[in-house]
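J.: The structure is given below, and queries will be raised subsequently.
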Amino acid sequence: GAGSVANTPEAGDVEYLAPVTIGGQTVNMDFDSGSSDLWVFNTQLSLNTLSGHMAYNPAQSSTFQLLPGSTFSISYGDGSGAAGNVGTDTVNIGGATVTGQAIELATDVSTSFVTDTQSTGLIGLAFSKLNTVKPVQQKTFFDNALATLPEPVFTADLRHNAAGTYEFGAIDSTKFSGPLAWTPVNTTSGFWQFTSQAFAVGGGAPSTSVPGGQAIADTGTTLMLADQSVVDGYYSQVQGAVNNATVGGVTFPCSATLPDLQIDVGGTMATVRGDDINFAPVDQTGTTCFGGLQATTVQPQIYGDIFFKSNFVAFNGGNNSLGVAPH
Ligand SMILES: O=C([C@@H]1CCCNC1)N1CCCCC1
């Protein structure tokens with residue numbers, strides 16, 4: 001059946017957590033459409049590492065089974081990572097249930113995960129070809145659930161500083177305005193990748209030549225990382241915007257009125273509200289603010305939570321497409 005859970009942004013909308021029940025134990029996890037491993041803080045980790053965290057205890061689950069000899073090791077683009085061993089258990093997300101889901105039990109996690117005490121781990125929702133389990137690669141929760149879901153979809157409804165929803169198996173049309181604009185996904189890279197080769201600022205004339213012209217939909221990335229040409233074009237319309245090397249990206253006066261960004265998603269222009277591009281003050285004075293739109297020098301572009309806060313997104317694993325609509 002279908003499953004629906006509320007998601008909650010951490011302070012500053014840095015990441016979005018939602019409850020996942022593993023072998024009867026409910027923990028909050030970071031749903032990540034930009035990776036394909038389900039890994040958890042668990043009772044193998046040291047008490048120092050576990051301090052403040054929820055943890056999954058396989059010994060307390062009557063349905064846990066170890067996968068002898070299986071290991072995982074994942075490194076994320078932001079330099080964080082985790083590694084450990086693997087078992088299987090029953091996973092229930094708001095009613096959508098998978099038995100025999102690979103549960104990757106971290107025995108080593110990088111610092112940023114230790115300090116993020118609200119998160120018990122990640123649930124990867126990209127394509128299973130990116131899963132890092134060896135010697136036998138494992139499937140994502142969504143891949144395992146596909147055949148039993150009423151519709152072969154999951155949806156992301158992420159909001160600024162407010163509860164949203166992750167849903168599996170159904171598209172709730174009360175969560176967005178107008179029709180969903182569907183675009184084909186190129187699964188070659190293992191991401192939810194689509195063509196994005198044009199942008200416009202504040203309703204101005206579109207530019208139609210973004211180098212590379214590809215982007216991925218990544219709920220696990222906080223910001224929106226676009227080609228330099230998009231970033232330069234956008235912030236050229238923001239008074240006082242500067243590239244602030246010390247802070248590590250573009251900043252502008254917090255008093256600035258930010259224009260909307262129109263961005264191509266498979267041939268349809270989606271809007272990212274200017275308000276959503278004002279990410280956070282860089283210091284307590286609240287004078288200078290850090291942009292939610294920043295540059296990436298690698299391809300594809302990575303449309304993270306800043307994009308999702310303005311757009312409801314449906315991920316269709318039946319025909320490998322993405323549906324986008326304003327919300
Ligand atoms: O590792 C990541 C992100 C990190 C944040 C969480 N989502 C996955 N990448 C982004 C997509 C391209 C490959 C690197």
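The values are calculated or read from the model by the stated rules, or taken from the named source; none is laboratory data. Nothing here was measured: the structure is a model prediction, and the numbers come from that model. All Cβ positions, glycine included, derive from the backbone under ideal geometry; neighbour counts span all protein chains shown.
J.: Within the stretch 15-29, can one find any residue that is touching a Gly at 6+ places or on another chain (Cβ under 7 Å) and under 17 Å from Phe142 (Cα atoms)?
T.: yes
J.: In addition: Select from the stretch 184-224 the residues that are more than 17 Å from Leu258 (Cβ to Cβ) and outside any loop (DSSP other than H, G, I, E, B) and list them in ascending order.
T.: Pro184, Asn186, Gln193, Phe194, Thr195, Ser207, Gln214, Ala215, Ile216, Ala217
J.: Next question. Restricting the search to the stretch 25-42, which residues are out of contact with any Ser or Thr (no Cβ under 6 Å at 6 or more places or on another chain) and away from the ligand (no atom under 15 Å from the Cβ)?
T.: Gln25, Thr26, Asn42
J.: What number of residues in the stretch 251-266 are under 29 Å from Phe315 (Cβ atoms) and over 22 Å from the mean Cα position of the chain (by Cα)?
T.: Residues flagged as under 29 Å from Phe315 (Cβ atoms) and over 22 Å from the mean Cα position of the chain (by Cα) within the stretch 251-266 amount to 2.
J.: Please determine, by comparing only the residues of the stretch 222-274 that are in contact with a helix residue (DSSP H, G or I) (Cβ under 7 Å, 6 or more places away or on another chain) and within 16 Å of the ligand (Cβ to nearest atom), which one is farthest from Leu17 (Cα to Cα).
T.: It comes out as Met224.
J.: Does the stretch 274-283 hold any residues that are surrounded by fewer than 18 Cβ atoms within 10 Å (Cβ to Cβ) and modelled with pLDDT of 95 or more, and which are they? Full working, then the answer.
T.: First, the residues of the stretch 274-283 that are surrounded by fewer than 18 Cβ atoms within 10 Å (Cβ to Cβ): 275, 280-281, 283.
Listed by number, the residues that qualify are Asp275, Ala280, Pro281.
J.: Now for a separate question. Does Phe64 count as closer than 30 Å to Ala215 by Cα, surrounded by 17 or more Cβ atoms within 10 Å (Cβ to Cβ) and among the aromatic types (Phe, Trp, Tyr)?
T.: On the way: closer than 30 Å to Ala215 by Cα: no; surrounded by 17 or more Cβ atoms within 10 Å (Cβ to Cβ): yes; among the aromatic types (Phe, Trp, Tyr): yes.
For Phe64, the condition - closer than 30 Å to Ala215 by Cα, surrounded by 17 or more Cβ atoms within 10 Å (Cβ to Cβ) and among the aromatic types (Phe, Trp, Tyr) - is not met.
J.: Which of the residues spanning the stretch 181-217 are over 15 Å from Asp264 (Cβ atoms) and surrounded by 19 or more Cβ atoms within 10 Å (Cβ to Cβ)?
T.: The answer is Phe191, Trp192.
J.: Hey, Asp78 hits all of (1) surrounded by fewer than 17 Cβ atoms within 10 Å (Cβ to Cβ); (2) within 16 Å of the ligand (Cβ to nearest atom); (3) in a strand (DSSP E or B) but one; which does it fall short on?
T.: The single condition Asp78 does not satisfy is (3).
J.: Let me ask another. Being of a type in the set (A, V, I, L, M, F, W, C), in contact with a helix residue (DSSP H, G or I) (Cβ under 7 Å, 6 or more places away or on another chain) and crowded, with 20+ Cβ neighbours inside 10 Å is true for just one of Phe72, Phe41, Phe31. Which residue is that?
T.: Working: Phe72 fails: in contact with a helix residue (DSSP H, G or I) (Cβ under 7 Å, 6 or more places away or on another chain); Phe31 fails: in contact with a helix residue (DSSP H, G or I) (Cβ under 7 Å, 6 or more places away or on another chain).
Phe41 is the lone residue from the list that is of a type in the set (A, V, I, L, M, F, W, C), in contact with a helix residue (DSSP H, G or I) (Cβ under 7 Å, 6 or more places away or on another chain) and crowded, with 20+ Cβ neighbours inside 10 Å.
Okay, residues lined up against (1) of a type in the set (Val, Ile, Thr); (2) in contact (Cβ under 8 Å) with a residue 24 or more places away in the chain; (3) in contact with a helix residue (DSSP H, G or I) (Cβ under 9 Å, 6 or more places away or on another chain); (4) within 16 Å of the ligand (Cβ to nearest atom):
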{"position": "Gly84", "(1), (2), (3), (4)": "no, yes, no, no"}
{"position": "Val98", "(1), (2), (3), (4)": "yes, yes, yes, no"}
{"position": "Thr117", "(1), (2), (3), (4)": "yes, yes, no, no"}
{"position": "Gln137", "(1), (2), (3), (4)": "no, no, yes, no"}
